[in-house]
1. For the pair residue 134 and residue 162, how long in nm is the line joining their label points, each one 7 Å along Cα→Cβ?
2. For segment 90-216, what log10 I(q)/I(0) values come out of the Debye formula at q = 0.09, 0.22 1/Å, with one point per alpha carbon and no solvent?
3. At R0 = 22 Å, how high is the FRET efficiency between residue 98 and residue 144 if r is their beta carbon distance? Nearest 0.05 is fine.
4. So, in nm, how far is label residue 117 from label residue 189 when the simple model puts each one 7 Å beyond its Cα toward the Cβ?
5. With 10 angstrom as the radius, rank 94, 59, 154 by how many other C-beta atoms surround their C-beta, starting from the fewest.
6. Taking the Cβ of each residue in 207, 86, 145 as the centre, tally the other Cβ atoms inside 10 Å and list the residues starting with the fewest.
7. Using the number of other C-beta atoms within 10 angstrom as an exposure proxy, rank 104, 143 with the fewest first.
8. Would you calculate the separation in nanometres between label points at residue 173 and residue 59, each defined as 7 Å from the Cα along the Cα-to-beta-carbon direction?
């Protein structure tokens with residue numbers, strides 16, 4: 001089951017206490033343009049979401065590579081993966097001290113260290129992903145690191161689409177990686193994330209066997 005764009009946004013609005021008289025209107029509230037209205041220095045998002053994480057955690061199931069401009073979708077996806085039982089790293093949640101207006105080599109060093117602490121990288125394929133400068137870098141770095149130090153490249157593309165039956169295309173290089181979908185029968189804490197080859201819904205393996213070296 002591919003994640004639905006509007007459901008991920010709605011989950012974000014609920015946890016942030018944002019009313020939704022118009023889904024399209026509220027969808028713009030958490031983009032780069034409107035973010036300062038709701039996240040002054042990202043403090044609101046951090047205070048609401050970081051309380052659910054363990055301070056000092058240094059190992060995660062998932063490094064969630066994402067486009068910051070799609071922040072509402074990122075929050076909804078983060079919550080969905082946590083509901084399924086995964087520990088998920090998102091830079092502006094776990095490392096709120098990062099200054100996005102002043103990115104330097106120390107930012108890259110921190111992200112490299114965080115990626116090395118994660119069992120996998122999920123590339124959140126949203127509308128803003130194609131414009132992100134960081135996501136291809138994160139994807140390439142993690143793939144190379146994981147192939148050298150673990151089993152194979154545990155990178156998977158996690159599409160978020162407006163319609164459940166829509167077909168995900170994405171940039172050509174994304175076809176080199178496995179894709180991930182939430183299992184149709186997924187229940188809380190079930191860790192039911194299906195991994196399959198690009199553009200092929202079967203065969204699939206669940207997340208934990210995939211991490212252990214079983215490939216679809």
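1. 2.6
2. Summing over Cα pairs of segment 90-216 leads to -0.28, -1.45.
3. 0.45
4. Spacing of the two 7 Å Cα→Cβ label points: 2.5 nm.
5. Taking fewest neighbouring Cβ atoms as first place, the list is 59, 94, 154.
6. 145, 86, 207
7. Ordered by Cβ neighbours within 10 Å, fewest first: 104, 143.
8. Between residue 173 and residue 59, the label points sit 3.1 nm apart.
Read the figures in this text as sums done on the coordinates, not as results from a lab. Since we're looking at a predicted model, the values are computed, not measured. Cβ atoms come from the backbone with ideal geometry, glycine included; neighbour counts cover every protein chain shown.
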